[in-house]
Amino acid sequence: MDFLKDKKQLFKLWIGVLALGLVVLAITNYRVNFYGNSRLLPVSLGIFTVTTFIVGIYFHKARYIMHGAAFMIIVAAAFAGFANWLPQTIGEPPPLEEQIEDISTMSQQELADLGEKLIFGSVGGSTVKGAIGKGQCPLCHVFGSSDHGERAPNMFGLPDRSNEIVNLDEYINRDTVQPVSFDGSGIAETGIEYMAESHACPNCYVSPGFGKGGTNDRESPMPAIHKSPINLTIDEMVAIDTWSYVREGIDPPSVDEMRAAYEKFIPEDERPQVSTGTEEEGGGGESQLYATGDESLQEIFEKAQCTVCHVIPGIPGADEGDFGPELYVKTNAPKRMKDKNYAGSASSVQEYILESILDPNLYVVPDFDEDLMPEDFGTGLNAKTVFRIVNYLSKIEKGKDPPNHEEM
Ligand code: HEC
Ligand code: HEC
């Protein structure tokens, strides 16, 4: 054959064969992956595009046909392939959220990792200073073996300590504002039951010296963590406990045993079923604590964690915080600034609030302990968030209706 001797023709033949091969490959890939949940469909699109270019360069006459075909393929691939592809990568829930569906299939380490994530916001977060997750425990608790807990007991050694506490006289013969979680719940008999009771009913037994100011350890400032604002599910609390055991090298009780401990202290109608984080953002222990400043005020106060410690008049759900004073700031700030012990430099209600957030120990409200409000708090909030907090709080007056939070 004559044209085979022509190098140019020979080259074209090779290109033609190559293009044909690519087209077959693209079609095969397209067919094989069309019905599955595969993300390889766009590969066909890529191959077709490359083929069209190659053919377009060397076969001028075939160009238009190929372009037409490529266009149709692109359209088809765009509909079938991309529609299939994009939502899968974008909408895919974070892996931990899938796992949280059924913690009994997780390995001990996976469950402990979830626990660490719930407490500190990420796996490994326990070694990061200031790290905090959905459970918000580090707001009040320290976790390192040599840390000193000012606001609340150090969580190190909890598993061992729990076994001992349940046998103490002062534990068994408790005298608190709420000696049992609910009628008939009884008190804890094992270490894990003590941990569950501590989470579900902080008032049941108050660690000596850590009670709410002025209550002689009869009342706890810790919020029940299955309730607002923390809202952890039983499985999430089980994950947290698992981490507490595993990180100290202690074998945790089984998941069933832990669940049963929580069920002993949380009546059925009070058990949160789904992680609140799952419905909204993140979920699975993802820290949902980063406010952008554009949220509703209710959400801002929750994300900024103020509601864990303060009652904030007018804000739905902000009526449990027992750790700090009720925030009637418009009424109280002028009094504070006149106090002879006041060492700050604020000259307006707004400035006083800002100071309270950014430098809480400059002035400590009488009857509250120093060091209770976290020092490094302000650093985690952006300017818009702080502005909206200050703006709202500065208008709360004792004896008057709170401002309308929905309009601010
Ligand atoms: C607002 C502050 C605060 C937050 C947030 C908080 N706690 Fe506490 N917690 C306390 C205080 C204060 C005590 C001691 C008083 C008491 O026994 O109730 C305590 C006690 C405990 C105890 C009993 C400790 C012991 O040595 O007997 C456990 C367990 C516990 N907390 C776990 C947690 C976990 C887990 C979280 C996070 C999901 C958490 N707490 C969040 C303040 C807090
Ligand atoms: C871990 C608990 C805790 C958290 C979280 C917390 N506070 Fe406080 N806050 C306190 C305590 C305790 C006091 C009183 C002692 C003091 O003045 O330091 C206080 C005092 C204040 C005061 C002064 C109140 C007065 O009557 O003079 C303001 C204002 C305030 N907090 C605002 C906030 C805001 C806003 C947030 C959220 C961004 C917040 N706090 C988060 C515990 C907390």
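Every read-out reported here was derived from the displayed coordinates using simple, explicitly stated rules and does not represent laboratory data. Just so it is clear, the structure is predicted and the values come from calculations on it, not from any experiment. All Cβ positions, glycine included, derive from the backbone under ideal geometry; neighbour counts span all protein chains shown.
Per-residue Cβ neighbour counts within 10 Å put HIS405, HIS310 in the sequence HIS405, HIS310, beginning with the fewest. A straight line joining the Cα centroids of segment 137-158 and segment 339-408 runs 25 Å. Between LEU18 and ALA343, the modelled label-to-label distance comes to 7.8 nm, taking each label 7 Å out from Cα in the direction of the beta carbon.
Over segment 297-407, Cα pairs under 8 Å with separation of 6+ residues give a relative contact order of 29 percent. When THR242, THR233 are arranged by Cβ crowding within 10 Å, least crowded first, meaning fewest neighbours, the order is THR233, THR242. Annotation for ASN167 and GLU268: the two label points, set 7 Å from Cα along the Cα-Cβ direction, are 3.6 nm apart. A simple spin-label model places pseudo-atoms 7 Å from Cα toward Cβ; at HIS67 and SER145 they are separated by 7.3 nm.
Here's the list of lysines a cross-link from LYS7 could span, going by alpha-carbon distance under 22 Å and ignoring same-chain residues fewer than 8 apart: LYS61. Within straight-line reach of LYS395, meaning a Cα separation under 22 Å, sit the following lysines at least 8 residues removed in sequence or on another chain: LYS303, LYS330, LYS335, LYS338, LYS384.
Rounded to the nearest 0.05, what FRET efficiency do PHE11 and GLN178 have when you use their Cβ-Cβ distance and R0 = 60 Å? Rounded to the nearest 0.05, the efficiency is 0.10.
Between the C-alpha center of segment 299-324 and that of segment 180-223 there is a gap of 21 Å. Annotation note: chymotrypsin sites (Phe, Trp or Tyr not before Pro) in segment 132-211 located in DSSP loop regions with a Cβ neighbour count of at most 15 within 10 Å are PHE182. Each of LYS117, LYS303, LYS12 has some number of other Cβ atoms within 10 Å of its Cβ, and from fewest to most they run LYS12, LYS303, LYS117.
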